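The values are calculated or read from the model by the stated rules, or taken from the named source; none is laboratory data. What you see is a predicted model, and the numbers here were worked out from it, not measured in a lab. Neighbour counts run over all protein chains shown; Cβ positions are idealised from the backbone, glycine included. Just so you know, the surface numbers come from the protein's heavy atoms only, side chains and all, with ligands and any DNA or RNA stripped out. Shrake-Rupley method; radii C 1.70, N 1.55, O 1.52, S 1.80 Å.
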Amino acid sequence: LLSAHMQLLKTPLLLVFILALGISALKADVTLSNIFGDHMVLQREQANPVWGKADAGEQVTVSIGAQSHQTTANKHGIWRVKLDPMEANDQPQLLQVSGRKNQVSIEDVLVGEVWVCSGQSNMQWPLTNTYNGAVEIATANHPQIRLISVPQVGSQEPQGNFNGAWSVCSPESVSDFSAVGYLFGSRIHSALGVPVGLIDNAWGGSAAEAWVPRDALEADGGYARLLNSWDTKVAAYTDEIHAAKVAEYKAWLEAGKPGKAKRSPRDFRAGQHRPANLFNGVLNPIIGYGMRGVIWYQGESNAGRATQYRDLFPLMISTWRDLWQQGEFPFYWVQLADYMAEASEPADSAWAELREAQTMTLALPNTGQAVIIDAGEGRDIHPRDKTTVANRLVRLALANDYGFQIDAQSPRYASMQVKDSAIALTFDHVSSQGLHTFDIKQPIGFTIAGEDQVFVNADAKIIGKNKVHVSNANVSSPVAVRYAWANNPKANLQDRNGLPVTPFRTDDWPGITANATK
């Protein structure tokens, strides 16, 4: 057979023909990123990018409905087009992508509202493990809600794709999906009557710096100590060291687990704390996909560096927006819940400082914060009540993005005035019915201090629609007030919607996390 091929190759024209056939056979199929697939939802009323791979220089045609777009794959084999804006549509459509060699058909495509659900474990927390989860799952027959989860891949190299697919919302598909994400999306769907797509890429325990690209952290200049610390730790942990830990663990299992319990060794180099790992592994593959906005629940892992979070969290949001190239899209987050033991006396709190950093991030445009200082569980960092969380997030979206005339923001401290031996506080974002207290008439959760910076519990009373009077008989010359300033504060001030007053302090004295940078 080989001899016969050699004889054929003696004819130059035939040689060219056979070589041409060989080259054709090596041509790669045109493909799309896995964020594009059957049952997906496209964001309505905006130009949505579609992208994938083909041979360098190959012409690619993308069509849906009456529109068709052509482009040419670049020298790296990457192609990208933008679809014309479409109105919401709950009738399944066909998206087709054609190259020289093949055609890809994406079926059951709807057009509506798309939200990214991101953060750490409280966003990842599955519906099946929440209060009322069984009821929510049993009633989750929503064929116009579509779900997709991005696998947890940590990497220092940007990933261009992921192993995942869209599914139609049903009791079976929603059970292990993000509870906050689903409950938020189901309310959007009910309010608007349009399809909703939810993209979950949350990773439990993740640190904010893991969601930021390395070059952005380096360019900022404020994270050199953090990055150097990680570089040193990674350099000292070799593949051989990790393999030895794995072998030791396997031997322990095979020996019947004698002695002290061991945990399966994790390679932190590919974990959810290392700077840039999650940006590269679970965010980069979806960056650019048309969506309305992001809901975010994270911060617990950064509480020990709360002061740093004042800059880190806005940097993360701004970087995402810059790279998504979709303007200042809505970004709504959940403030940390109450957690750990209740303290009877005022004390410093890293969690309080992290909440403050989150509130300060509201300075960025088109952002919002769901305050849940009343919805946590002291014994569990994962409060099971995700319904309250989703309801407060969805208020922000309904009011800010969808034109509903409802109160959405928790009341926030605006100003203070010292009056003799008391301080009068004024609040913004108070509902028309004014401030209110939960459970008991007396407002609790306030502390007060003089120039000595020693805080003591304070007496408080509501003196107007948006004003509170705070005092302590033993503090004759007060200068500062704090409210709900604790890991797990006893606090009950809210508006008539049940939206808690945002924890705050009027002073700017250095906190316990002021110098924590790694």
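Identify all residues within region 212-245 that are farther than 17 Å from Lys518 by Cβ, β-branched (Val, Ile, Thr) and assigned to a helix (DSSP H, G or I); write none if there are none.
Ile241
Mind listing whichever residues of region 113-130 are part of a helix (DSSP H, G or I) and open to solvent by 10 Å² or more (accessible area, probe 1.4 Å)?
Ser121, Gln124, Thr128, Asn129
Name the residues in region 82-112 that are open to solvent by less than 40 Å² (accessible area, probe 1.4 Å) and farther than 23 Å from Arg146 by Cα, would you?
Ser98, Gly99, Asn102
Have a look at Ser186, Ser175, Ser167 and point out the one that is among the polar types (S, T, N, Q) and over 24 Å from Gln91 (Cα atoms).
Among Ser186, Ser175, Ser167, only Ser175 is among the polar types (S, T, N, Q) and over 24 Å from Gln91 (Cα atoms).
Say we look at region 138-154 and pick out the residues that are surrounded by fewer than 22 Cβ atoms within 10 Å (Cβ to Cβ) and of a type in the set (A, V, I, L, M, F, W, C); which of these is farthest from Gly299 (Cα to Cα)?
Result: Ala138.
Would you mention how many residues in region 250-274 are closer than 29 Å to Asn302 by Cβ, open to solvent by less than 50 Å² (accessible area, probe 1.4 Å) and part of a helix (DSSP H, G or I)?
So the answer is 2.
Could you grab me the full set of residues in region 319-367 that are among the small types (Gly, Ala, Ser), open to solvent by 30 Å² or more (accessible area, probe 1.4 Å) and within 30 Å of Ile444 (Cα to Cα)?
Ala341, Ala343, Ser344, Ala347, Ala363 - these are the residues of region 319-367 that are among the small types (Gly, Ala, Ser), open to solvent by 30 Å² or more (accessible area, probe 1.4 Å) and within 30 Å of Ile444 (Cα to Cα).
Hey, does region 166-179 have a residue that's open to solvent by 60 Å² or more (accessible area, probe 1.4 Å) and either at pLDDT 95 or above or within 24 Å of Ala276 (Cα to Cα) (or both)?
Yes, region 166-179 contains at least one residue that is open to solvent by 60 Å² or more (accessible area, probe 1.4 Å) and either at pLDDT 95 or above or within 24 Å of Ala276 (Cα to Cα) (or both).
Return yes when Ala202 is surrounded by 24 or more Cβ atoms within 10 Å (Cβ to Cβ), in a helix (DSSP H, G or I) and within 18 Å of the chain's Cα centre (by Cα) and no when it is not.
For Ala202, the condition - surrounded by 24 or more Cβ atoms within 10 Å (Cβ to Cβ), in a helix (DSSP H, G or I) and within 18 Å of the chain's Cα centre (by Cα) - is not met.
Got a number for residues in region 67-99 being of a type in the set (Lys, Arg) and either in contact with a helix residue (DSSP H, G or I) (Cβ under 7 Å, 6 or more places away or on another chain) or part of a strand (DSSP E or B) (or both)?
Residues meeting the conditions: 2.
Restricting region 399-419 to residues that are of a type outside the set (A, V, I, L, M) and in contact with a Phe, Trp or Tyr (Cβ under 7 Å, 6 or more places away or on another chain), which is nearest to Val470 (Cα to Cα)?
Tyr413
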